[in-house]
Amino acid sequence: MHGHVEREFKITWGMVIDLDKCTGCGACMTACQVENNIAPMLDASNKLRTLSWLLVFEMSNKKAAPDAEIAYLPRPCMQCGNPACVPVCPVVATDKNEEGGIVSQIYPRCIGCRYCMAACPYHARYFNWEDPIFPKGMEKALSPNTSTRPRGVVEKCNFCHTRFVQAKDKARQTGGNPDALPDGAYMPACAEVCPTGAISFGDLKNPEHKVHELAKGKNAFRLLEKLELHPQVYYVSKREWVRKLGDNYAATGKPGAEKKHS
Amino acid sequence: MGLDRRGFVKFVVGGVAGTLFTPVIWQGLDDAATWSQNWGWIPRLNKGEVKATSALSKLCPTGCAVKVKTVGGLPFAAVGNTENPMSKGGVCPVCAAGAQLMYSPARVKSPMKKVGEGKYEPIKWEDAEAMLVEKLTPLKGQDGKIAAISGDETGSANEVLSAMLAGLGSGGGFHVMPGEMFTATKGVKLMGGNGQPGFDIEGADLVLMIGADALDSWGPTVANQKAFGATRPTGADATAQFIYAGPVLNNTASVCDKFLAVPPTATTAFSLALANQLISAGAVCPASDFGDYKALAAKFTPEEFEKATGLKSEVLKDLVAKIKAAKAPLVIAGASFGQGAGALDFVAGASLNVLLGRVGQKGGMTLLSAAPKAIASAADRENAKDAASFLAQVATGKATPAVLLVYEANPAYALPQAGDMAKAMGNIGFKVSFSTYMDETAAMADLILPAPHPYERFDDAMNPYGVAKPTYLAGKPVIAKPVMDVKDPVDVMLAAAGKLGLSLGFETYADVIKAKAKALGADFDALAAGGIWNGELKGGALSLGAGALAKAAPVKLDGKTVALAPVSKLAYGTDNLATPPANLLVVRDSELLGKDLLVQMNAATAKTLGVTEGNKIKLTAGDGEVKALVHVNEGVAAGTVAMLMGFGRSAWDQFTKGKGDNVYKILTVSDEAGTGLKVWAGSTVTVAKI
Amino acid sequence: MDRALFPDGVERCSFGKFALWMVFILAFFLFGLYAMLLIFAKGIVVTGLDNYFGFGLWITFDLAVIALGAGAFFTGLLKYILKIDQLKNIINLTVIVGFICYSGAMLVLTMDIGQPIRAWFGYWHPNVHSMLTEVIFCITCYCLVLVIEFVPLVLEQKQLNKIPFLHHLAHNMHVNMALFAGIGAFLSTFHQGSLGGMYGVLIGRPYALREGFFIWPWTFFLFVLSAVGCGPIFTVLVCTFMEKLTGRKLVDFKTKALMGKIAGTMLTVYIFFKILDTWAWANNYLPSTGMTFDQMFYGIIYGKWLMFTEIILCGVVPAIMLITPSIRNNPTMLYTAGILDCIGISLNRYLFTVQTIAIPLLPFDSWHTYAPNWAEWATSGMIVAYGFLVMSLSYRYLPVFPQERGMNR
Amino acid sequence: MEEKKQCKGCGGALPFVIGFVAALIAGWVLFPDLMYSKKTQPVRFSHKIHQEQGLECAGCHTFRDDGSFAGIPTNEKCAECHSDVQGSDPAEKVYVEQYAKTGKEVPWLIYQYQPDNVIFSHKAHETLECTSCHPDMAKNDTPPVFYQNRLSGYSKQTMKMWKCERCHAENGVSNACHACHK
């Protein structure tokens, strides 16, 4: 639309989240915080200042009791194929240029202008309002997989990208092919921990990976598809109201009728 | 050399110009920017080899079989153990925060003795242990002078505790915190059977949960979630239906095929109305009391059902049709918050399994017989006495213990009518808390003996409530040395017993657990490496419990009171564990806002009570009251207010202390008709706007 | 006591009165300075910004003052390139206003970024695709140009001008001012446009996204037009405010009316395209994303009234007032139109900044609201106070208004 | 008076030149010294001696099973040989007494220390010579002085990003941010 050429990758890491299996238990959010060294906040109820790379939204069918239904929707970074955040960054602190199509965010480069936050309709990007100070001693439980970020930079989910690097190293060490990892060799923390297995993860382009087919399923959809950002995170639900809520069908009144693209 | 003003200016200008040709400014800028990447006050990552070690993480009530990831020997994350058939690679949200909890600011760092109201002083272990022995010595042989409360349902520590009390002459002094295992086991007795009930979710094709929050906080949560997940492969058809009947559209209900909003006061009525319809639809059962049962159920007509639950009777018909169509239906009965339901609610629900012929079947209800004990003199698990009744006796002076030992329990916080219970505890002269964390009970103890975190200790879990077949897990420490100055409570007690001249045959908890494993025929080393021991799936002859159910008395509500439905979410912590710092983010702002808890009710209830969204209200029951804000939530049953458990902490740490209010304060205890059990699941409260 | 420093042949208030005035302004300045130091020490957690509103008062303030400061480049363009000589009466003032606006905006930007130490990354590691990069380059370069334009005026200070070197320097800079005016016009056009482009390229934000020409969305051009549609009249308003404050005539009304005519013409062009743009956006683009016009607004705080106020009351109305000679030539009406014009453009910047990100695009999300807190107000106030300081000093000691002597004889 | 004269005599340029040269000297000579603190290794480890004993580099600098690089050996590894003093070198005695016996890890200073935000895969670079990035330590008897930047905390020998990028570019390897950052 504006002269952006969407880059193609041989490997496209993607997630398929089955909303009919997500109980909203929160284990994924906890695992994410642990893996990514997010310091606990004194008042985490102030959701406008928290850091939640992975956030579980609660969706409601807006019906009165006893017909009310709810569903939980975990929202990592969508790792958009056509990201809104990447072209706006003035200092190339975020990019989508590595095999696998994960949108990178480099904390030592970021100047904290928050333009990318303004650009992202999914609210997947978070500004680090305060320095990551852990309760005394808890820094001994820091994960080696993600650097701690100083305040004043923007951060976001990166599909636990360090695990990708580690999986490639392991493949090299054990004689596997680092450029064609088998299904499950690389899993983000949230997908790994999920007790109901609601989160599937793999290479969307590799037919040997489960997500390849799952993403094409009839109940699969992506959030705000009409904005054409082409997220690499797919959702699945058999419940029509859940699928409707994923995009802006509400206004046109034509649920699922006109998916212009995809 | 002297310099006039002009010369000086030139010198400075020359200096500035020269500086531009040196690295000073450029490298300075670069270094300053680099410095901002690594501000000195920001913690550095740990380096070293990353390993994963099996552990039994008993931070949640069931205990998760996890792999603890360490870097350079320091634990940093808990991931699932895919080899373990129970957790199958899943981890609950509390155990997922295990490594961080090891360094929780709420941990008790060393033994402490009380030196004044709310004041503590660190002491040495040898002094602490001597103090314990000194307090116990004069009480030896006096019945009823030493009491213990255990909050651990599954550990062999209970055997040591009860055997020690028996050996010191206070055999009746061992009590456990309320949990469903005990009421359910009593329910089984009322149905003429024996053993701890189990539920084979994995094998069922229709699971009806009446109250039991099986996919979030009831039973072996992770195993249940895994079983649930397995029946609905992503992108394919579901192989089992899940239906939740309970007061709140909770996490379990959110993924169920159907949610039936049943007020907590109508659980028995719901079960019996369902029984009535099933019998009308042709269900028969060979149980001897079928006739009585049928007659009893007949009273619960669809009209009665509508009156009791506020639901339309069509939903009942629909449910009957689904159950009839299912090959392996399973009914799980339990209180929505895992306690206080009494035996009759359980019997009413469990009787449906009997009626449908599902006892002892694959995908049905099972019975687990008592496991062999490691210590012969220990009390039988199913005969355990409950702590709520005990403290009620202390309050009235019927029980007069001089020393109370509290093991992994938090009775000062987590018993109904919490205010009264804490007061009753105050009547006991010397209280010892064996606790990992500075909980409410530790904060009123005279002696705090810090217990190790699960990664620092040996522990085991026998038949966590809800498992379908006999199950035993055991674990050993992940790290070489505890990060705080702690000792295993069981080791401390065994040593104290020894000094009091009582030998229980073991020196350490590790030995007890190894003996237990041996008694079961299991290999301890394999268990500690993340394995599991399982027995056979078994049933037993059960009646429909008609005799007991006949005595059930319906709860009466008047216009001013509403039913109270406490909501338990595992991620937000347990009775023994305030919300882990890493889980604070999971708590929604529709549940907790700053320091205010939000009480949930549907719009119709709010209208009846004359309150609207955001109103500050006071909920009172008995002597207790809590304050909260109103949040309208259409997922709450009619005439019911729902309130989260686990908040309103008065001890712990800066992350949890003083946030929200404690629902236990307004849970009121009553005697269950016919069984004499203490119940509080059907508590009612008065709501007033403030 | 400082009479010797006054420009030739003009009267100024007593030093005591002036000192009192400066103290009054300094109080605001110092309060803002305190907030600024606090922000540098603790980070922008002390502001009212949050996860939903990464942009707020500061960005709005920056965009607004940069638009209002557009009088400098546009008047310079008309005076030096298009040779409209009458503008010499007000050109100095436009330069000072421009300088204040741009330097102030840059200071706010250093506060606004989370890592001020890395501010220079914008040059060292630029992303050429980002409109913000263009903004960073152009704003700083143009600010330099403004300094160059401001310097000769400073050098013309009575005492400084006695030094032959400085006198000649000022003279030579004046001679070449057309060059700088040209560079300034080029740079300024681009960054005014880029500021608009910043919003127009937000492919995930339907309120702001616009199609466009080549790499530039329509907002690029709209922002340029709107800036030149308000900058000149803002200078007039500043001038008139100074006249009221000092009780002296500074610029003749004819020049002011000319500035009004210039602004009015540009505003008319702008508002014509703005209405077209809004129409097309609401009827073509929004439906294509499955959204409606109504979904873009919420309650009173983000209500439709804002957009109508911006376009009709503070757009169409002042445009008509300014291009109608009979209205424009009435001082009261001219100033009223000018005020409406400036409010309208500032409101436009606010809406693009805040409304754009307030809209919950995820249908299961809800509207959040933003209110700047004291720290943002104080620092913005500091910039205003800084402007007052610079302007007061310039007025007192520099020959800003060539007509002043004649008009106050 | 004389001085003033002298100053006048030297016209306008001299103070400027003096200032300029002084700044150059300060900037190029004094500044680097000021900017870095000098540190020595806690134990004078001699690669030379170890190599003369016939030890292979990979005997201590090994890859682990998961493909990660162990880097500098842990105390456990060193103590395999040096649980007790074997030779006469005083440095060995220091090691044995202060670290091997106490079980404390030696706080080695890492010349090529990279910050936490960098992830470097030795496995992926296995085919390259160690010495293309690290100094050749094989013949080294006394570890070189460790220069630490006082402001950033980095070692002076820390490889800067542009070097990594250049080599990647020359070899046609991705220069994606995530290739090296975490």
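Any read-out appearing in this document is the output of simple, stated calculations on the displayed coordinates, not a laboratory observation. What you see is a predicted model, and the numbers here were worked out from it, not measured in a lab. Backbone-built Cβ (ideal geometry, glycine too); neighbour counts: all protein chains shown.
Numbers for the structure displayed
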{"read-out": "Amide H partners (placed H, <5 Å) of B:Val636, local residues excluded", "value": "B:Leu249, B:Asn602"}
{"read-out": "FRET efficiency, 1/(1 + (r/R0)^6) with R0 30 Å, evaluated for C:Asp294 and C:Val269 via beta carbons", "value": "0.55"}
{"read-out": "Cα convex hull of region A:180-240, projected area averaged across orientations, nm²", "value": "5.0"}
{"read-out": "Sum of side-chain charges, C:Ile323 neighbourhood, beta-carbon under 13 Å (Lys, Arg +1; Asp, Glu -1)", "value": "+1"}
{"read-out": "Full-stretch length increase - B:Asn383, B:Lys657 - with 0.36 nm per residue and alpha-carbon distance subtracted", "value": "95.1 nm"}
{"read-out": "Anchor B:Lys294: aspartates and glutamates whose Cα lies under 18 Å away (excluding residues fewer than 8 positions away in-chain)", "value": "B:Glu303, B:Glu304, B:Asp345"}
{"read-out": "Percent antiparallel among DSSP beta bridges (both partners in chain B, rounded to 5)", "value": "55"}
{"read-out": "For chain D, the longest site-free run once GluC sites (Glu not before Pro) in DSSP loop states with at most 10 other Cβ atoms within 10 Å are removed", "value": "D:57-128"}
{"read-out": "Qualifying trypsin sites (Lys or Arg not before Pro) in region B:526-632, DSSP loop, other Cβ atoms within 10 Å at most 10", "value": "B:Lys556"}
{"read-out": "Within region A:162-243, trypsin sites (Lys or Arg not before Pro) in DSSP loop having at most 13 other beta-carbon neighbours inside 10 Å", "value": "A:Lys216, A:Lys218"}
{"read-out": "Residues of type lysines that B:Lys299 reaches as a straight line, Cα spacing below 22 Å, ignoring anything fewer than 8 places off in the same chain", "value": "B:Lys307, B:Lys312, B:Lys317, B:Lys324, B:Lys551, B:Lys556"}
{"read-out": "Cross-link partners of A:Lys226 among aspartates and glutamates (Cα-Cα below 15 Å; sequence separation of 8 or more within a chain)", "value": "A:Asp247, A:Glu258"}
{"read-out": "Pairwise label distance in nanometres, B:Ser288 with B:Ala370, each label 7 Å out on the Cα-Cβ vector", "value": "2.3"}
{"read-out": "Paramagnetic reach from D:Gln86 in region D:57-71 [backbone N under 15 Å; point 7 Å along Cα→Cβ]", "value": "D:57, D:59-60"}
{"read-out": "Distance violations [Cα-Cα > 24 Å] among C:Lys88/C:Lys158; B:Lys124/B:Lys373; D:Lys101/D:Lys123", "value": "B:Lys124/B:Lys373; D:Lys101/D:Lys123"}
{"read-out": "Global geometry of region B:99-186, whether rounded, prolate or oblate, following the gyration tensor of its Cα atoms and the 1.5 cut on a/c", "value": "oblate"}
{"read-out": "Relative contact order for region B:183-368, counting Cα pairs under 8 Å that sit 6 or more residues apart, in percent", "value": "35"}
{"read-out": "Proxy reagent accessibility, fewest Cβ within 10 Å first, across C:Phe165, D:Phe31, C:Phe221, C:Phe293", "value": "C:Phe165, C:Phe293, D:Phe31, C:Phe221"}
{"read-out": "Inter-probe distance in nm under a simple model that places probes 7 Å from Cα toward Cβ, at B:Ala480 and C:Leu5", "value": "7.3"}
{"read-out": "nm² value of the averaged projected area, convex hull over the Cα atoms of chain D", "value": "17.7"}
{"read-out": "Which of B:Asp213, C:Asp341 has the fewest Cβ neighbours within 10 Å, and the rest in rising order", "value": "B:Asp213, C:Asp341"}
{"read-out": "Quotient of Cα Rg and 2.2 N^0.38 Å for chain C, N being how many residues it contains", "value": "1.00"}
{"read-out": "Cβ-based exposure ranking for C:Trp374, B:Trp680, in which fewest neighbours within 10 Å come first", "value": "C:Trp374, B:Trp680"}
{"read-out": "Computed FRET value (nearest 0.05) for D:His168 with D:Ala70, which takes r as the C-beta separation and R₀ as 30 Å", "value": "0.80"}
{"read-out": "Cys with no candidate disulfide partner in chain A (beta-carbon separation under 4.7 Å rule)", "value": "A:Cys22, A:Cys25, A:Cys32, A:Cys80, A:Cys89, A:Cys110, A:Cys113, A:Cys120, A:Cys160, A:Cys194"}
{"read-out": "Cross-link pairs A:Lys47/B:Lys47; A:Lys170/B:Lys226; A:Lys62/B:Lys607; A:Lys136/B:Lys657; A:Lys156/A:Lys218; A:Lys21/A:Lys170 - those with Cα-Cα distance over 24 Å", "value": "A:Lys47/B:Lys47; A:Lys170/B:Lys226; A:Lys156/A:Lys218; A:Lys21/A:Lys170"}
{"read-out": "Cross-link table A:Lys140/B:Lys487; B:Lys560/B:Lys665; B:Lys481/D:Lys77; B:Lys114/D:Lys104; A:Lys168/A:Lys210, entries beyond 27 Å C-alpha to C-alpha", "value": "B:Lys114/D:Lys104"}
{"read-out": "R0 of 30 Å, Cβ-Cβ distance C:Val46-C:Leu26: FRET efficiency to nearest 0.05", "value": "0.85"}
{"read-out": "In region B:307-344, the trypsin sites (Lys or Arg not before Pro) that fall in loop regions by DSSP, at most 15 other Cβ within 10 Å", "value": "B:Lys312, B:Lys327"}
{"read-out": "Computed label-point distance, nm, for sites B:Asp205 and B:Lys307 using a 7 Å Cα→Cβ extension", "value": "3.8"}
